[in-house]
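Undergrad: Input: one structure, supplied below.
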Amino acid sequence: MAHSRHYLMCRPDHFAVEYAINPWMDPEAGADAATAVRQWEGLKDAYEELGHKVSLINPIDGLPDMVFAANGALVVGGRVYGARFANAERAAEGPAYLRWFTDNGFATAMEPTETNEGEGDFLTLDEVILAGTGFRTAITAHKQAQEFLGRPVVTLQLVDPRYYHLDTALFPIDGRNVAYYPGAFSAGSREVLRHMFPDAVLASAEDAAVLGLNAVSDGHNVVINVEAGELALELKRRGLNVIPVDLSELRKAGGGPKCCTLEIRV
Ligand SMILES: CN(C)C(=N)NCCC[C@H](N)C(=O)O
C-alpha cells in the first residue's frame with residue numbers, strides 16, 4: 001500500500017516506573033505492566049490495521065523504559081545511527097537496539113560517540129531532519145548524524161522539561177509539514193519553525209499536556225493519544241484520518257504512541 005511503513009516496537013513486558021528521569025515519572029505512584037501491555041497491543045493493532053509492518057525487539061528484564069523504541073536509534077535510507085542515552089538507567093538500551101539492527105541485516109550501523117536518544121530527538125521529513133536539544137540529545141550528535149546520514153539536520157532548542165524530547169512537542173504530519181506546541185521551544189527555534197512551516201498545526205498547552213504531539217502520521221492517518229481532542233479536530237479539519245489510542249499507562253513514564261514506535265526507513 002502507498003503509505004505503508006515499517007515500525008520496530010518492544011512489548012512492555014517489563015514496564016515499570018522505578019526511577020524518575022523526567023517530570024512525568026513518579027516511582028511512588030508506579031505503573032501497571034499488564035495495563036501497559038494491553039494498551040500497547042491496541043497501538044500495534046492500529047498500525048497493522050492500517051497496513052503497516054511491525055517488527056518486534058525482545059524486551060530485556062531490568063530495562064523498564066525499553067518499550068520506548070523511538071529512542072533506540074534513527075534509521076534513514078537504511079543507515080542506522082545508534083542511540084547513546086543521557087541517563088545511566090537506560091544506557092544498556094543503545095547497544096541492544098543497535099544489535100537488533102545488525103542482527104537483521106543492517107550493515108551500515110554506527111555506534112555513536114555523542115549523546116542522543118534516537119527518534120526521540122530526531123524527526124525526519126522529506127528534505128531535512130529536525131533535531132531537538134536541551135535535555136537529552138547533545139548538539140554535537142546533530143552534527144554527527146548529519147555527517148553519517150548525509151541529510152541536513154536543523155537544530156531546535158527545547159526549553160520546557162516536560163517536553164524533554166522533540167517528539168513530545170512536535171510531529172511530522174507528512175514529509176513537508178508538522179504540528180507542534182510553540183511553548184516547548186526557545187524564541188529563536190519558534191522563529192525557525194514559523195519560517196520553515198508557515199502552514200503548521202499549532203497545538204494548545206492542553207493538548208501538549210496529554211502528549212498529543214507524541215503522534216505518528218503516515219501522511220494520511222494520524223495515530224494520536226485519545227485525550228488530545230482539540231488537536232484531533234484540527235487534523236480532521238485538514239483532511240487527515242485520526243486514530244485515537246489510549247496509552248495512559250505509558251504516559252506515567254512520559255511516553256505516548258510515537259515513543260513506542262521506531263520507524264525503519266530503507
Ligand atoms: C518521545 N519519546 C520517544 C519519548 N519521549 N520517550 C519516552 C521516554 C520515557 C522514558 N521514561 C525517559 O524519560 O527516557
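Undergrad: Please enumerate the residues belonging to segment 72-84 that are part of a loop (DSSP other than H, G, I, E, B) and within 16 Å of the chain's Cα centre (by Cα).
TA: ALA83
Undergrad: Only one residue in ASN71, ASN104 is polar (S, T, N, Q) and surrounded by fewer than 17 Cβ atoms within 10 Å (Cβ to Cβ). Which one?
TA: ASN104
Undergrad: Now for a different question. Quick one: which residue in ARG136, ARG176 is among the basic types (Lys, Arg) and either in contact with a strand residue (DSSP E or B) (Cβ under 8 Å, 6 or more places away or on another chain) or within 16 Å of the ligand (Cβ to nearest atom) (or both)?
TA: None of the others qualify; the one that does is ARG136.
Undergrad: Let me ask something else about it. Is it the case, given these coordinates, that LEU233 is more than 20 Å from the chain's Cα centre (by Cα) and either away from the ligand (no atom under 13 Å from the Cβ) or of a type in the set (Ser, Thr, Tyr) (or both)?
TA: When the stated conditions are applied, LEU233 passes them.
Every residue, every condition in (1) over 20 Å from ASP167 (Cβ atoms); (2) under 18 Å from the mean Cα position of the chain (by Cα); (3) not in a helix (DSSP H, G or I), yes or no:
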residue: LEU8; (1), (2), (3): no, yes, yes
residue: VAL17; (1), (2), (3): no, no, yes
residue: TRP40; (1), (2), (3): no, yes, no
residue: GLU48; (1), (2), (3): yes, no, no
residue: SER55; (1), (2), (3): no, yes, yes
residue: GLY62; (1), (2), (3): yes, no, yes
residue: ASP65; (1), (2), (3): no, yes, yes
residue: ALA86; (1), (2), (3): no, yes, yes
residue: THR102; (1), (2), (3): yes, no, no
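Undergrad: In segment 149-203, which residues are outside any loop (DSSP other than H, G, I, E, B) and of a type in the set (Gly, Ala, Ser)?
TA: Hits for segment 149-203 are ALA179, GLY183, ALA184, ALA187, GLY188, SER189.
Undergrad: Next question. Considering only residues of segment 236-266 that are basic (Lys, Arg) and within 11 Å of the ligand (Cβ to nearest atom), which is surrounded by the most Cβ atoms within 10 Å (Cβ to Cβ)?
TA: In this case the residue turns out to be LYS258.
Each reported figure results from applying straightforward, stated rules to the coordinates on display, with no laboratory input. This one's a predicted model, so the numbers in the text were calculated from it and none came from an experiment. Backbone-built Cβ (ideal geometry, glycine too); neighbour counts: all protein chains shown.
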